[in-house]
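S.K.: Structure provided below as structure tokens; questions to follow.
The values are calculated or read from the model by the stated rules, or taken from the named source; none is laboratory data. Computed from a predicted structure; not experimentally measured. Every residue, glycine among them, receives a Cβ derived from its backbone with ideal geometry; neighbour counts consider all protein chains shown.
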Amino acid sequence: MSEIKYEIGHRYGERESMSKESVLSNIDSLFNELSNEIYSQPDDEHREVYIMDNDRDSFTVNIDGYVLIESKMSGSMVMYFKEVKSLSELRVDALGFLSDKLSLIKKNDWVKDSSLLSLRKPSFFRKNNLPADGVLHEASYQGELDKVKELIAAGANIDFQDSDGATPIMQAIVEGHEDVVLFLIQQGAALELTDNDGCDVFELAESFDRISLLLQNAAKT
């Protein structure tokens, strides 16, 4: 019996090897990891889950709403992308990957360039956990500066904290969107608030030197 490897998290995180039958019985819980991920700050270890077979081909599902198949069936590594529209369709595709990769890839809805995808925002997974007043959070997370400006002009609460305690500026920080962070600072976003883990904007920005500098300068004024 061939062994199938799958990983919950990024490729350098926890892995578990199991039989094909075991993978089939664990597919739903595997994908539910994305639906259940904390909305405001999906960390690097939980942005994607994947199944890898003995050919080292992989079926990866990303929290931003797409599937990536990486395959060497043609001799060199080729990537195929597809948007996730429902869990049921995703499950069918995963089963297709496990049973007949070539037939799955030949379907017309796979593309070789991710820029050809028209991904919905928020994605299927993120929409499940979108706060009731989370439109500004999503625009900040995606780095959509014009959308952020539009929402602020329309009266969106710049300091609204979602169920995880995150504010829009926190969303922009963890994704490295410097222009959005700068705009929200200019609009008076609070810098002293903390999320449910006790993290403030300065801690969240530790990996982004330029954003950290923006925040430090703003705190001095």
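S.K.: Consider segment 175-208. How many of its residues are within 21 Å of the chain's Cα centre (by Cα), aliphatic (A, V, I, L, M) and under 20 Å from residue 152 (Cα atoms)?
M.R.: 3
S.K.: Is it the case that segment 191-211 has a residue that's surrounded by 17 or more Cβ atoms within 10 Å (Cβ to Cβ), of a type in the set (A, V, I, L, M, F, W, C) and touching a Pro at 6+ places or on another chain (Cβ under 8 Å)?
M.R.: no
S.K.: Every residue in segment 159-188 that is part of a loop (DSSP other than H, G, I, E, B), among the aliphatic types (A, V, I, L, M) and at pLDDT 95 or above, please.
M.R.: Matches in segment 159-188: none.
S.K.: Can you name every residue in segment 47-73 that is closer than 16 Å to residue 111 by Cβ and small (Gly, Ala, Ser)?
M.R.: Those that are closer than 16 Å to residue 111 by Cβ and small (Gly, Ala, Ser): 65, 71.
S.K.: Taking the stated definitions as given, is residue 116 at pLDDT 90 or above, exposed (fewer than 15 other Cβ atoms within 10 Å of the Cβ) and under 21 Å from the mean Cα position of the chain (by Cα)?
M.R.: yes
S.K.: Starting from segment 112-126, keep only residues that are touching a residue at least 60 places away in the same chain (Cβ under 8 Å), then list their pairs with residues that are in a helix (DSSP H, G or I) and of a type in the set (A, V, I, L, M) whose Cβ atoms are within a distance under 8 Å, requiring at least 6 positions of separation or different chains.
M.R.: 125/34
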